[in-house]
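Trainee: Handing you a structure now.
The values are calculated or read from the model by the stated rules, or taken from the named source; none is laboratory data. As the structure is a computational prediction, the values presented were derived from the model and not from experiment. Don't worry about glycine lacking a Cβ; one is built from the backbone with ideal geometry, like all the others, and counts go over all protein chains shown. Note: accessible area is taken over every heavy atom of the protein model, side chains too, but ligands, DNA and RNA are not part of it. Shrake-Rupley method; radii C 1.70, N 1.55, O 1.52, S 1.80 Å.
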Amino acid sequence: MSALHIKKGSNKHSAYNLRPNFSDVTEKHTLAVLVDNEAGVLARVIGLFAGRGYNIESLTVAEVDHTGHLSRITIVTTGTPQVIEQIKAQLGRIVPVHEVHDLTVEGPFVERELALFKVEGHGEKRVEALRLADIFRANVVDSTLESFVFQLTGAPEKIDAFADLMRPLGLLEVARTGVAALSRGI
Amino acid sequence: MTREMTGAKMVVQALIDQGVDTVFGYPGGAVLPIYDEVFQQNAIRHILVRHEQGAVHAAEGYARSTGKPGVVLVTSGPGATNAVTGLTDALMDSIPIVVLTGQVPTFMIGSDAFQEADTVGITRPCTKHNWLVKDTERLSATIHEAFHVATSGRPGPVLIDIPKDVQFANGTYTQPSKTPVGHYQPQVKGDMETITELVAAIESAQRPIFYTGGGVINSGPGASQLLRELVDATGFPITSTLMGLGAYPASGKAWMGMLGMHGLYEANLAMHGCDLMINVGARFDDRITGRLDAFSPKSRKAHIDIDPSSINKVIHVDMPIVGDIGHVLEDVLKVWKARGRKVNSEGLTKWWRQIEQWKQVDCLKYTPSEGSIKPQHALSRLEALTKDRDRYICTEVGQHQMWAAQYLGFEDPNRWMTSGGLGTMGYGFPASVGVQVAHPDSLVINVAGEASWLMNMQEMGTAVQYRLPVKQFILNNERLGMVRQWQELLHGERYSHSWSEALPDFVKLAEAFGAKGILCKDPADLDDAIMEMLDHDGPVIFDCLVEKHENCFPMIPSGEPHNKMLLGEVSLKDAIGSKGAVLV
Ligand SMILES: Cc1ncc(C[n+]2csc(CCOP(=O)(O)OP(=O)(O)O)c2C)c(N)n1
Ligand SMILES: [Mg+2]
């Protein structure tokens with residue numbers, strides 16, 4: 001991962017100290033949490049956010065290390081710097097949590113989401129939808145005479161933008177995976 | 001010893017290998033195989049409580065008075081749900097508890113079977129960690145891991161849910177030493193750079209204060225010893241939270257008494273006015289800080305805590321030190337000594353002079369009465385008559401609890417069991433049962449309010465059955481006193497549902513259980529009555545009828561800063577001159 005490892009149980013390398021204390025400004029952070037892939041671990045994480053009143057903008061989870069049975073949970077959350085620090089410390093207290101990384105402060109990172117869009121349309125609108133999909137490099141993964149399913153990957157903002165454009169063209173349904181994120185470089 | 005055994009046998013074997021000598025429990029269908037194994041051995045003593053909440057509080061009392069984890073065994077469904085209050089209590093106060101619950105067989109989970117409850121789901125937010133064991137092969141390792149998690153880092157309650165078929169099935173037993181230690185290894189050594197920064201602050205501080213909490217007790221007797229050494233060597237004043245009483249002796253030179261909402265005037269004003277605050281194992285709880293934006297405005301703050309999430313949670317600190325109190329204090333002492341044991345003597349002398357002035361207010365003064373027993377007087381007499389004994393004190397929750405913290409002195413750690421974080425009425429009596437089980441020859445007193453005491457009074461059965469000579473010292477004001485006090489001060493004296501009609505005759509109640517009851521209502525009889533209680537070799541319910549409308553002072557009303565303390569009527573006159581004190 002990045003050079004700035006926030007080891008569980010330590011607040012030494014927190015970038016918290018670089019920012020003003022107890023500021024009211026709400027920030028958006030992307031956290032990567034490595035956990036044992038055991039029953040109930042997701043419930044623990046979600047229960048923590050619900051119980052302490054933290055926000056979840058997006059959450060994805062899947063096993064990423066099949067031999068070590070480790071899952072990676074990627075959470076996009078918002079809060080004041082103090083709340084973000086609390087969220088990380090509270091996540092660190094959960095026993096099956098191995099590591100908590102704040103990608104937003106640890107350095108540059110890439111963020112991607114996959115989305116499927118079902119768009120219904122005829123004539124001009126259908127052509128326009130296809131043209132926009134091409135611009136966005138969305139793939140057609142299903143088509144009928146009156147509908148398409150587009151598949152799009154990208155940053156969440158790109159997916160939002162595509163959804164906005166599809167809406168007047170007959171957008172029926174959207175399915176999004178939530179954000180997956182990795183730091184850049186090594 | 002065979003490696004192959006049933007899950008039920010494994011439970012008992014694992015407890016023995018973990019050094020457990022006592023289990024508090026209550027049987028039921030889903031734990032019968034384990035109870036069958038309990039029956040066939042003598043290494044572990046099982047104490048049959050009368051309610052599962054009582055089992056958990058008893059285990060808490062056991063744990064807090066011994067420093068060892070308390071163990072509980074209860075059945076599925078209602079057995080597990082009855083344990084929830086105790087688990088939450090132990091979580092809030094960081095008490096190591098291992099709770100074993102029975103569960104319906106794995107093949108029936110999810111079918112709404114008889115006495116099925118989603119125990120791990122229900123207890124997830126009120127345990128440090130919990131496990132549902134679906135395979136007997138995993139059972140012994142899970143129990144060992146549970147003890148590790150409960151006792152390392154910031155201690156807390158854990159729960160293991162064991163389906164009945166897992167108890168019946170055979171599996172291989174793993175010994176604790178053969179169980180791989182998980183990745184859960186909290187940091188115990190503090191950061192040396194910050195420790196050195198703290199030492200430099202200690203050397204120059206003009207108005208320093210130690211603010212200590214339950215973390216010192218949890219860290220073990222060694223931590224209390226180091227704290228005493230550091231406090232006495234620096235000559236800094238020390239105050240403590242409700243949870244930390246006894247870490248530094250009440251008779252110690254630097255002791256200022258408890259701080260917080262019902263803390264001592266001098267302790268709270270010193271917190272407000274200090275220039276260096278050294279928080280040792282406390283967590284800036286709202287009962288301590290009062291209004292946050294006015295909390296100790298002029299101080300630099302150090303915070304030593306094993307839990308990183310305690311740091312900067314409510315109060316921003318300048319010197320955060322994550323680590324075990326014992327380890328960190330040892331390093332602080334080492335560095336401070338190596339740098340020449342320096343303090344700012346001139347500043348300290350002035351600071352103590354100021355503190356002595358605050359002490360003149362005599363904030364615990366109360367109007368004595370000849371016609372009725374003042375609760376403060378009852379506790380002062382209890383203190384005088386028991387302080388030299390090998391004594392453990394538990395409390396319930398309410399005014400009596402705060403008075404006990406104010407008027408009793410604690411010389412050693414692990415001698416004071418009270419529900420701090422959750423404030424659980426009904427805690428004290430079962431806790432006293434657990435303490436007495438652990439210390440059969442000591443004097444164990446539960447300072448109670450009549451309303452709290454009634455919440456778990458069924459444990460009289462346990463006390464009598466096991467001949468536990470616990471003394472239930474009930475300060476009976478026939479009121480939910482603390483609620484009544486708030487209604488008087490904050491709700492226009494509208495006493496909505498804050499008194500009990502139809503209270504039992506406590507003497508007859510004691511007799512009905514086969515115990516001794518003592519009624520005392522005249523201050524002139526008090527000493528004799530207390531002596532009668534102490535001399536009786538068996539459980540006693542002491543019904544001490546006290547002044548009904550006495551208020552507990554000092555008091556910082558919720559949402560007010562430390563210097564806006566309300567003092568009792570007596571000290572009204574004295575305190576008016578002192579800066580910042582606003583009085584009722
Ligand atoms: C289980 C529970 N329910 C309600 C409360 C709220 N409460 C706090 S103190 C108190 C009154 C306690 O009365 P009593 O035990 O007689 O003690 P006193 O204050 O009269 O000394 C109540 C109802 C609580 N702390 N715990
Ligand atoms: Mg009462």
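Trainee: Taking the residues in the stretch B:451-461 that are within 17 Å of B:Glu511 (Cβ to Cβ) and in contact (Cβ under 8 Å) with a residue 60 or more places away in the chain as candidates, determine which candidate is surrounded by the most Cβ atoms within 10 Å (Cβ to Cβ).
Mentor: Among those residues, the one meeting the criterion is B:Glu459.
Trainee: If I ask for residues that are within 14 Å of another protein chain (Cβ to nearest Cβ) and part of a loop (DSSP other than H, G, I, E, B), which ones from the stretch A:22-78 would you list?
Mentor: A:Phe22, A:Ser23, A:Asp24, A:Asn37, A:Glu38, A:Ala39, A:Gly40, A:Gly53, A:Tyr54, A:Gly68, A:His69
Trainee: Please tell me if B:Arg391 is away from ligand 2 (no atom under 16 Å from the Cβ), under 30 Å from B:Leu454 (Cα atoms), touching a residue at least 60 places away in the same chain (Cβ under 8 Å) and not assigned by TED's automatic domain parsing to the domain that holds B:Arg207.
Mentor: So B:Arg391 does not fit the description; no.
Trainee: Name the single residue, out of those in the stretch A:88-115 being open to solvent by 10 Å² or more (accessible area, probe 1.4 Å), aliphatic (A, V, I, L, M) and over 16 Å from the mean Cα position of the chain (by Cα), that is farthest from the other protein chains (Cβ to nearest Cβ).
Mentor: A:Ile94
Trainee: Go through the stretch B:252-291 and count every residue that is assigned to a loop (DSSP other than H, G, I, E, B) and under 21 Å from the mean Cα position of the chain (by Cα).
Mentor: 12
Trainee: Is it true that some residue in the stretch B:61-75 is in contact with a Ser or Thr (Cβ under 6 Å, 6 or more places away or on another chain), within 14 Å of chain A (Cβ to nearest Cβ) and either surrounded by fewer than 22 Cβ atoms within 10 Å (Cβ to Cβ) or touching a residue at least 60 places away in the same chain (Cβ under 8 Å) (or both)?
Mentor: There is no residue in the stretch B:61-75 that is in contact with a Ser or Thr (Cβ under 6 Å, 6 or more places away or on another chain), within 14 Å of chain A (Cβ to nearest Cβ) and either surrounded by fewer than 22 Cβ atoms within 10 Å (Cβ to Cβ) or touching a residue at least 60 places away in the same chain (Cβ under 8 Å) (or both).
Trainee: Return only the number of the condition from (1) within 14 Å of chain A (Cβ to nearest Cβ); (2) surrounded by fewer than 23 Cβ atoms within 10 Å (Cβ to Cβ); (3) within 26 Å of B:Leu48 (Cβ to Cβ); (4) without any contact (Cβ under 8 Å) to a residue 60 or more places away in the chain that B:Val84 does not satisfy.
Mentor: Among (1) within 14 Å of chain A (Cβ to nearest Cβ); (2) surrounded by fewer than 23 Cβ atoms within 10 Å (Cβ to Cβ); (3) within 26 Å of B:Leu48 (Cβ to Cβ); (4) without any contact (Cβ under 8 Å) to a residue 60 or more places away in the chain, B:Val84 violates only (1).
Trainee: Report yes if some residue within the stretch B:35-53 is of a type in the set (A, V, I, L, M), over 26 Å from the mean Cα position of the chain (by Cα) and not in a strand (DSSP E or B); otherwise report no.
Mentor: Yes, because at least one residue in the stretch B:35-53 is of a type in the set (A, V, I, L, M), over 26 Å from the mean Cα position of the chain (by Cα) and not in a strand (DSSP E or B).
Trainee: Let me ask you something else. Are any of the residues in the stretch B:196-215 under 19 Å from the mean Cα position of the chain (by Cα) and either in a helix (DSSP H, G or I) or in the same structural domain as B:Asp89 (by TED's automatic domain parsing) (or both)?
Mentor: yes
Trainee: Mind checking which residues of the stretch B:111-140 are buried (at least 21 other Cβ atoms within 10 Å of the Cβ), within 13 Å of another protein chain (Cβ to nearest Cβ) and over 18 Å from A:Gly51 (Cα atoms)?
Mentor: B:Trp131, B:Leu132, B:Val133
Trainee: Is at least one residue of the stretch B:162-181 buried (at least 21 other Cβ atoms within 10 Å of the Cβ), within 13 Å of chain A (Cβ to nearest Cβ) and closer than 25 Å to B:Gly61 by Cβ?
Mentor: No, there is no match, as no residue in the stretch B:162-181 is buried (at least 21 other Cβ atoms within 10 Å of the Cβ), within 13 Å of chain A (Cβ to nearest Cβ) and closer than 25 Å to B:Gly61 by Cβ.
Trainee: With on the phi < 0 side of the Ramachandran plot, away from ligand 2 (no atom under 16 Å from the Cβ) and of a type in the set (A, V, I, L, M) as the only criterion, which of B:Leu454, B:Leu422, B:Leu379 stands out?
Mentor: That would be B:Leu422, the only listed residue that is on the phi < 0 side of the Ramachandran plot, away from ligand 2 (no atom under 16 Å from the Cβ) and of a type in the set (A, V, I, L, M).
Trainee: In the stretch B:467-506, what count of residues is obtained for those that are crowded, with 16+ Cβ neighbours inside 10 Å and more than 16 Å from ligand 1 (Cβ to nearest atom)?
Mentor: Count: 4.
Trainee: Taking the stretch B:455-466, which residues are touching a Ser or Thr at 6+ places or on another chain (Cβ under 9 Å) and either more than 8 Å from ligand 1 (Cβ to nearest atom) or of a type outside the set (A, V, I, L, M) (or both)?
Mentor: Within the stretch B:455-466, B:Glu459, B:Ala463 meet the criteria.
Trainee: Name the helices (runs of 4 or more DSSP H) wholly within the stretch B:411-487 that hold at least 1 residues that are closer than 30 Å to B:Gly222 by Cβ?
Mentor: So the answer is B:428-438.
Trainee: Criterion first (closer than 21 Å to B:Val23 by Cβ and modelled with pLDDT of 95 or more) does B:Ala431 satisfy it?
Mentor: Yes, satisfied.
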